[in-house]
Amino acid sequence: MISGTTGLIGLLGQPVRHSLSPAMHNAALDAMGLDWRYLALPCAQSDLGSVLSGLRAVNCRGLNVTIPHKQAVAPHCTELSALASRLQAVNTLIPAENGGWYGHNTDAEGFLAPLQDTSEAWRGGTAVVLGCGGSARAVVAGLQQLPLNAIHIAGRRDTALAAFLSDLRQPAEEETVPLVGIPLEESRIRELLTQACLVVNTTPVGMEGHQDGSTMPLSQDIWNDLEAKTTLYDLIYTPRPTPWLTLGAERGCRTIDGLEMLVQQGAASLRRWSGCSTVPVDVMRQAALNCLASTRR
């Protein structure tokens, strides 16, 4: 029931009409008994500054930020967390005491959540990340917290890959997991698959409606040699499962899709906005699943 005391939280992006975030957050708010409502708020890049100022002025309790604003929103923050600054991306805004916004990034935390329950399984292992775009930054930041032996990042463009590695590499005295850049080529990926305990697809290849029509990253042939010891993690969740994860499951691999990352990063944001250490993640997950199912009917 919306009243004169109902608080506002929401999602800024363009477009946002297909987002699952309102369904999963509002289900969580109901379960928590919080008198807040979460709305999807479409916002053009040219309006970003004025929209942020207006929402802060009406005491908006918090915001998520999605494409195409994750980088553009940073200059509008009065302060950034160390992680958001390092990733050069913000997905969570928290009201700051000075009247501005504190920018943080919960994507790395969301990505890492389904891997932490088997943390020892990654000890001494090799991870392969396909793609070096914005999503890959959060993925690698998460992977750097696992006891891996190496993280290989595969990119198509040398300049983009070099910039990625420069931004994500930690100071020598702090680096725990070496980052290795490789070309996104079948021959290089194939030779790494025998060593890899984890392969993460951060590219849009395989997504429903993806423009080039490909159903999985690279060709199916290289994935025919997958072994059951390898976990496949696809940031895509439409379709669910993706053809790549379907193939991996047929070969006995553990598979994870991007829906869990979406739920967990949202839960991490809600903890920060509400100050509650415990939020109903199961409720959020089920609401997202229900919303996906309803769109397919």
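A few comments on the model shown:
- Couplings for region 72-81, taken from phi via the Karplus curve 6.51 cos²θ - 1.76 cosθ + 1.60 with θ = phi - 60°, read 5, 6, 4, x, 8, 8, 7, 7, 10, 5 Hz in order; Gly and Pro are left as x.
- Spin-label pair ALA72-ALA96: with each label point 7 Å from Cα along the Cα-Cβ axis, the two points sit 2.0 nm from one another.
- Three-way shape label, the chain, alpha-carbon gyration tensor, a/c 1.5: prolate
- GluC sites (Glu not before Pro) within region 213-297, DSSP loop, no more than 16 other Cβ atoms inside 10 Å: GLU227
- Folded to 0 to 90 degrees: helix 134-143 orientation relative to the chain principal axis, Cα: 70 degrees
- Between 0 and 90 degrees, the angle of helix 158-168 with respect to the longest Cα principal axis of the chain falls at about 60 degrees.
- Value at 222 nm in deg cm²/dmol, rounded to 500, when DSSP H runs of n ≥ 4 in the chain each add -39,500 (n - 2.57): -11000 deg cm²/dmol
- Compared with the dominant Cα axis of the chain, that is its longest principal axis, helix 48-57 is turned about 50°.
- Under 14 Å, Cβ to Cβ, from LEU161 - net charge with Lys/Arg +1 and Asp/Glu -1: +2
- Residues ALA249 and ARG272, FRET efficiency given R0 of 35 Å [Cβ-Cβ distance, rounded to 0.05]: 0.55
- Here the Gaussian network model covers the chain, with springs between Cα atoms less than 10 Å apart; of GLN116, GLN144, GLN71, GLN116 fluctuates the most.
Only the coordinates and a few stated rules stand behind these numbers; no lab work does. Computed from a predicted model, the values in this text were never measured in an experiment. Neighbour counts run over all protein chains shown; Cβ positions are idealised from the backbone, glycine included.
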